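A quick write-up on the structure given underneath.
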Amino acid sequence: MAYPYVSDREVRVLSEHFGDPEARTLEGARKRGRYVALKKALGMGPDEVTEVVKASGLRGRGGAGFPTGLKWSFMPKEPTKPHYLCCNADESEPGTFKDRELLRWDPHLVIEGCLIASHAIRATHCYIYCRGEFFEASSVLARAVEDAYEAGLAGKDILGSGVDIDVTVHVGAGAYICGEETGLMNSLEGGRGQPRVKPPFPAAVGAFGMPTTVNNVETLAAVPGILSNGPDWYRQWGTDKSAGTKLFCVSGHVRKPGNYELPLGFPLMDLIDDVCGGVRDGNALKAVIPGGSSVPILSAEECGACTLCYEGVVAAGSMLGCASVIVMDETTDMVKQVRRMAAFYAHESCGQCTPCREGSAWVTKILKRIEDGRGTEEDLDTLLEVTTQMTGTTICVLSDSVAAPVHSSIQKFRDEYLALIRRGERVGAA
Amino acid sequence: MADNGRHETTVTLSIDGQEVTVPKGTTLLQASQALGGTVPHYCYHPGLTSPAMCRLCLVEVEGAPKLMPSCVTQAQNGQVVHTESEAALSMRRGVLEFYLVNHPLDCPICDQSGECKLQDYVHDEGRRHGRSREPKRVFGRDDFGGDVLFYGDRCVMCTRCVRFMNEVEQDPRLTVVERGSRSIIDTFFEEGLEGTHFSGNIVDICPVGALVSKDFLYKQRAWDLKHTPSVCPGCSQGCNIDLHVRDNLVQRLKPRTNLDVNGHWMCDYGRLGYEWMNRRDRVEAPVVRVDGKHRAMGWKEALRALLDRLAEIGGAAVRTVASAGASMEDLGALEALATHLGGGPGVFRSRVAPDEVPLKGFPRLVRRQDLAPNRKGAELLGLQRTGGDDGQGGLEDVADHDGIILVLGDELGDQEESFGSAAKLFVYLGAHPSRAASGADFVLPVTLFTEQEGTFTNHEGRVQRFWPGVDPPGAARPAWLILGALLAELTQGDTPARAEASFRLLAERHEAFDGLTYDDIGASGAPVKQPAELA
Amino acid sequence: MSAEIPFKNPGWAGNTGEFDLTEEQVRGADFVGRRPLEGGHPAGASSYPYMLEEKAPEAALFEGPHLERFEKILTRYPDKRAALLPALNLAQEVRGHVSPDSMRRVAELLDLPEAYVRGVATFYTMYNKRPVGRYLVQVCTNISCNLCGADEVLDAFLRYTDTELGETSDDGLFTVIEAECLAACGFPTCVQINSRYFENIAPEDVPSVLERLRAEAEGAA
């Protein structure tokens, strides 16, 4: 039962037990098949497990879409020092709310995925880094981890396999940038969550200076199914380049917002019109952000051709990111929303790199001025150039994320900016 | 891999069309600097770790998808790097514009003006006009304690100061607070920098006028200052410094890089201990006691009178009081003259601190217990230290000596006016007048180390040169010249015309310095010979 | 939001859409029922729900069950410094905000420089630099909620608590601030009050939410 709405077009692999309160108990989880894949994986060698995941085509679900099996294969095969797995539960990308659901409805799925992944990369300790606001989700998760320990599913000699893997729930304190893998590691180590320069890469020097892999919650949640059923089973869904299912977080101006698990490659308009019941109030569609606020905005015209897989969204002019579909109807004040997104980045910038630290705040101020009717056409050129200066020039890509909404909105909704500039009054708002 | 007979320990690459071979591990920035290039940068500093966060040093590397931070990108074989290509220049122009978004452009009232890296870079490569019309963030002025003031508005967040305190002084007093564009440098609330010993260095390394010295605040304009290489006289570490002089006054001291002695640093005690160099109470003319009265006269007349007096006395036991702050040349000439006149014990007094203060992140640099620059040099010339750790006492033997007393550079501040009243001849060579020398037969004005060329020998036997940055007052002359001239007269020899000649004379007389020349010493020093008994 | 979708009581997204679940079913017995401070496995020690009703700015830190919990947390990391965020979380849980004295105490506990602890504490949004009201009302105004009227919800909270943004109400009960995306975008507008999410809040729901909180505060008095 997905949550809060169900569509018969869904393929509920990860979200099967959303809305089912029993699934989070150990007994309930076991009844629902949890920890069978773990036992199987522990009977395999670590590299064998990695090969299975590689063959499945699973790609990172946190936004970058990096092939998971390949990422695991970067870890040293003969550990001379402790390896760590970090499960990235610092879900903070605007529009994204899938990891919270996974953690609170099916924590044992996540834990099982973490354990299997830890085994594959020869990690002795897995840190599940939950964002600080997730009091509820981390509390559920903590209980599940405790139950797992009690049942010998975590800790020493798991299920008698001789493999030792510890799991710790680590809670953050409110910073979007801690969702960046190196920012997460710095925060885990007890520091400011500022991203690190790469190289060195986490697989060489990661948390506490040790080889580390960071994976998203949804990525790890997909692992048990792949181990149990084999890579071909996972590949039955999706496309050649984008295998499997994905939790799509739909929000904004739709009738039925929520998480929907669909095979990758699903047409965007089907998602909005069929699965989500269409745009609210019968309004016309104006724009869609297909992958969270860091990706370019698609105009309504561009949505028709867009299929929701990594390559399909790129072909439509944006990126899949974490598949957070934000739907905007005709009543949307585009400039206001872009300003709000820029303000988010300015607020969350860690402040290390000059282009991001100064540029994100500057861009926000210009947009606010335009929104307030005191902008000029020159400001639009400045916005485009400044955000271009912020792209590809920093340690992490938060800076690049500011450019996406600004560029795409000026390109596709220029008339809204111009109306504000010319008439000093608001258009587009209901 | 290409095989041109190259060592595996080096790499060869091309920077701006020029080929260069560097040791493996060298960064692109360092390689570019080796070729004389100047890639702008803020957060990088050779004495600190590199966070690669200012994004000013990005260069174009052919084949790389993005511009690379040259301060951390290691040079690879066959790389083709462009630091001045259109892409690199436009990137720098962009980053510089970002700095100007919030920078207050205080140049007219900012101490850093004239030695400011933001001025320099923007002038060279920045946009003519920053496009930001938005209100700037304001932090105001914060007293960090010690000698340091912080103007937060001007800060470019390079975090060099934070890293210096963490890594080099290893007293982590500074941190970045807040996040994003609200981030700024601060201390732990009111705690500040009190109790630190090297925090003055953060003023040096701050590329802009965010961190300034209270001592130097509003004092001088950087472009009016003349820089002269010298050696710090504060203790026996011998940190290499520059005198910054204007209007014939030392305005401030700055460290000069010497990786074998002080790295890029100096301590606060030495840095701020320059006021005495500007003392106005100077002996300006030779003074001779004639018929019980002191008469000023010219050098020729004074030296003639002194030679006459020496001839009158014939030989006599000599007691010498020297100073551990006098140069090798001065002390060498003094020792040579004293020996010629009849010989006798030579002593010096100096202050000794109860403890030493190491710079933990650069352990070679220690504020030594010996609070004088040339104690080792004096001892190598056979002088003995006397008196207490406060630099007083120990002259009982000399005060009522009845032979010849020579005093050089010791102000005799703790001695009675009757000092030397029993002597046949009491010569006081000093820069400052002394009450206890009111009974001296000859008061001869000498230069301070800032006013002459010379050398000091530091605690570990390193001889280091210093140069004159200030014109001496009145008729003051270097002691080595005065004493050298006297000795020349007495022995029918040649007066050393330059400090180098005086040094050569001392090297001939003292084994530890045998063979050492000014050329050997250069601007970064050279060690004395260390026979076992001298070590 | 559209009247087509019935939701009866804002507070949790349990009875949204096609579901009718109690809060305990949605949030778990531990969170709703308040886990005890003592006991528990070290693996979950950083994540106990922070449900202390009374914050005492001058309370002693790291004593009793809090010290026990902290020591459990310490065992999970190879380096003491990694326990810094959990320690600051605990200090704020007890005192309501992270004061200079709290930073000093945490620095002492973990053998860290005080300035460093200040640098870390000020980096994260959730550490309150100064005391806040009994209920910290954090209204998400980020894009998904913004599209569904978050600004109006924020205004309603400010109006009904009679406060300015970021200020504490005269009765000391409420501080209202804006929050960034809380990861409940399917249930707009999401408001986090202390440790609890209130989802699907519309401006007309605000008075009843505040009523409930006022009654709770009064009951505890």
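Nothing in this text is a laboratory measurement; each read-out follows from the coordinates by a stated rule. Note that the structure is a prediction, hence the values are computed from the model and not measured. Using ideal geometry, Cβ is built from the backbone for each residue, glycine included, and neighbour counts are taken over all protein chains shown.
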#### Entry: Debye intensity ratio I(q)/I(0), log10, segment B:311-369, q values 0.18, 0.24, 0.26, 0.29 Å⁻¹ (C-alpha model)
-0.74, -0.95, -1.02, -1.12
### Message
Out of all DSSP beta bridges in the protein assembly as shown, what portion is antiparallel? Express it as a percent rounded to 5.
### Response
60
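Show that you can apply the helix-only estimate: for chain A, add -39,500 (n - 2.57) for every DSSP H stretch of four or more residues, divide by all residues, and state [θ] at 222 nm to the nearest 500.
On the way: 17 runs with 176 residues, N = 430.
Computed ellipticity for chain A at 222 nm equals -12000 deg cm²/dmol.
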### Query
Quick one: what does P(r) look like for segment C:56-123 with 5 Å bins over all Cα pairs, in whole %?
4, 19, 33, 25, 16, 3, 0
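So what is the relative contact order for segment A:334-423, in percent, with contacts set as C-alpha pairs under 8 Å and at least six apart? Kindly include the intermediate steps, with their values, before the conclusion.
Numbers: 107 pairs, mean separation 32.5, N = 90.
Once divided by the residue count of segment A:334-423, the mean separation gives 36 percent.
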### Task
In square nanometres and to one decimal, what's the mean projected area of the convex hull around the Cα atoms of segment A:245-329?
4.3
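Pairs of alpha-carbon atoms within less than 8 angstrom and 6+ residues apart define the contacts here; what relative contact order does chain C have, in percent?
Details: 314 pairs, mean separation 39.1, N = 221.
Once normalised by length, the contact order is 18 percent.
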### Task
Please identify every one of the GluC sites (Glu not before Pro) in segment B:149-232 that sits in a loop by DSSP and has no more than 15 other beta carbons within 10 Å of its own beta carbon.
B:178, B:190, B:194
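Looking at chain A, send over the antiparallel percent of its DSSP beta bridges, to the nearest 5. Spell out each step's value before the answer.
Working: 18 of 39 bridges.
Percent antiparallel among DSSP bridges in chain A is about 45.
What's the local net charge at residue A:111, with K and R +1, D and E -1, over the other residues with C-beta under 15 Å away?
Details: positive: A:24, A:30, A:32, A:34, A:39, A:104, A:143; negative: A:27, A:99, A:106, A:112, A:146, A:147, A:150, A:166, A:218.
Net local charge, residue A:111 excluded: -2.
For segment B:287-527, count all C-alpha to C-alpha pairs, find those more than 32 Å apart, and express that count as a whole percent of the total. List each step's numbers first, then the result.
Numbers: 4985 of 28920 pairs.
Pairs farther apart than 32 Å: 17 percent.
By count of other Cβ within 10 Å, fewest leading, how are B:122, A:11 ordered?
On the way: B:122 21, A:11 18.
Sorted ascending by nearby Cβ count, the order is A:11, B:122.
If you average 1/r over all unlike Cα pairs in segment A:21-235 and invert the result, what Kirkwood radius do you get in angstrom?
Details: mean 1/r = 0.0595 Å⁻¹.
For segment A:21-235, inverting the mean 1/r across all distinct Cα pairs yields 16.8 Å.
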### Query
What's the angle, to the nearest 10 degrees (0 to 90), between helix A:135-150's Cα axis and the longest principal axis of chain A?
10
### Task
Write down the percent of antiparallel bridges among all DSSP beta bridges whose residues are both part of chain C, to the nearest 5.
55
### Query
Counting pairs of Cα atoms in segment C:141-195, how many percent are more than 18 Å apart?
31
### Summary
Which residues qualify? For residue A:330, with a placed amide H closer than 5 Å and at least 5 residues away or on another chain, they are A:284, A:286
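Taking only the C-alpha atoms, wrap a convex hull around segment A:334-423 and report its volume per residue in Å³ as a whole number.
Values: hull volume 6.3 nm³, N = 90.
Enclosed volume per residue, from the Cα hull, is 70 Å³.
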### Mean shadow area of segment B:10-84 over all directions, Cα convex hull, nm²
4.5
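Only four residue types carry charge here, +1 at the Cβ of Lys and Arg and -1 at the Cβ of Asp and Glu. Report the dipole size of the protein assembly as shown about the Cα centre in Debye, rounded to the nearest 20.
Details: 123 positive and 164 negative charges, 221 e Å.
Dipole magnitude for the protein assembly as shown comes out near 1060 debye.
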### Summary
1/(1 + (r/R0)^6) with r = Cβ-Cβ of residue C:38 and residue A:381, R0 = 45 Å, i.e. FRET efficiency to nearest 0.05, evaluates to 0.15
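Tell me what chain C gives for mean residue ellipticity at 222 nm when only DSSP H runs of n ≥ 4 count, each as -39,500 (n - 2.57), the sum divided by the residue total, rounded to 500 deg cm²/dmol. Write down the numbers at each step before the final one.
Numbers: 9 runs with 86 residues, N = 221.
It comes out at -11000 deg cm²/dmol, rounded to the nearest 500.
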## Note on the structure
From DSSP H assignment alone, runs of 4+ in chain B each adding -39500 (n - 2.57), the sum over residues rounded to the nearest 500 puts [θ] at 222 nm at -6000 deg cm²/dmol
### Message
Please report the net charge: other residues with Cβ closer than 12 Å to the Cβ of residue B:85, K and R +1, D and E -1.
### Response
-4
#### Entry: Angle between chain C longest axis and helix C:206-220 axis [Cα atoms, degrees, rounded to 10]
40
### Message
Can you divide the C-alpha Rg of segment B:412-468 by 2.2 N^0.38 Å and report the result to two decimal places?
### Response
1.47
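I'd like the Kirkwood hydrodynamic radius of segment A:280-399, using the inverse of the mean 1/r over distinct C-alpha pairs, in Å. Could you put the intermediate results ahead of the total?
Details: mean 1/r = 0.0648 Å⁻¹.
Radius from the Kirkwood sum: 15.4 Å.
Could you give the Stokes-Einstein D for segment A:126-202 in µm² per second, using the C-alpha Kirkwood radius, 10 °C, 1.306 mPa s?
Numbers: Rh = 13.8 Å.
Value of D from the Cα-based Kirkwood radius: 115 µm²/s.
Fewest to most neighbouring Cβ within 10 Å: what's the order for B:265, A:233?
On the way: B:265 24, A:233 14.
Ascending Cβ contact count within 10 Å gives the list A:233, B:265.
I'd like to know how chain B sits against the 2.2 N^0.38 Å rule of thumb: what's its Cα Rg over that expected value? Present the calculation step by step, with values, prior to reporting the outcome.
On the way: Rg = 27.6 Å, N = 535, 2.2 N^0.38 = 23.9 Å.
It is 1.15.
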### Task
Write down, largest first, the equivalent ellipsoid semi-axes of segment A:42-115 in whole Å, where each equals the square root of 5 times an eigenvalue of the alpha-carbon gyration tensor.
24, 15, 13
### Query
For the Cα atoms of chain C, what angle does the longest principal axis make with the long axis of helix C:64-74, in degrees from 0 to 90, nearest 10?
80
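Given that compact globular proteins tend to follow 2.2 N^0.38 Å, what is the ratio of the alpha-carbon Rg of chain A to that value?
0.99
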### Message
Let's see if you can work this out: charge +1 on each Lys and Arg Cβ, -1 on each Asp and Glu Cβ, no other charges. What is the dipole magnitude of chain B about its Cα centre, in debye to the nearest 20?
### Response
1400
### Task
Once every Cα of segment B:327-441 carries one equal point scatterer and solvent is ignored, give the base-10 log of I(q)/I(0) from the Debye formula at q = 0.09, 0.21, 0.23 Å⁻¹, two decimals.
-0.28, -1.23, -1.42
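Sort B:269, B:151 so that the residue with the fewest other Cβ atoms within 10 Å of its own Cβ comes first and the one with the most comes last. Please report the intermediate quantities before stating the final value.
Working: B:269 17, B:151 22.
With the fewest neighbours first, B:269, B:151 line up as B:269, B:151.
With only Lys, Arg, Asp and Glu charged, each at its Cβ (+1 for the first two, -1 for the last two), find how big the charge dipole of segment A:21-235 is about the Cα centre; round to the nearest 20 debye. Please report the intermediate quantities before stating the final value.
Details: 24 positive and 26 negative charges, 73 e Å.
Here the size comes out at about 340 debye.
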### Query
For segment A:165-278, what percent of Cα pairs sit more than 20 Å apart?
59
## Note on the structure
Per the charge dipole of chain B (beta-carbon charges, Lys/Arg positive, Asp/Glu negative, Cα centre), the residue among B:70, B:523, B:346 reaching farthest to the positive end is B:70
### Query
Among B:425, A:272, A:295, which residue has its Cα positioned farthest towards the positive end of the charge dipole of the protein assembly as shown, with +1 placed on the Cβ of Lys and Arg, -1 on the Cβ of Asp and Glu, and the dipole taken about the Cα centre?
A:295
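Please state the equivalent ellipsoid semi-axes for the protein assembly as shown: what are the square roots of 5 times the Cα gyration tensor eigenvalues, largest first, in whole Å?
Numbers: eigenvalues 1035, 182, 172 Å².
They are 72, 30, 29 Å, listed largest first.
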### Message
When only alpha-carbon atoms are used, what values of Rg and Dmax, in angstrom, describe segment C:58-207?
### Response
17.5, 50
### Task
Compute the separation of the alpha-carbon centres of segment C:116-145 and segment B:385-460 and state it in Å as a whole number.
68
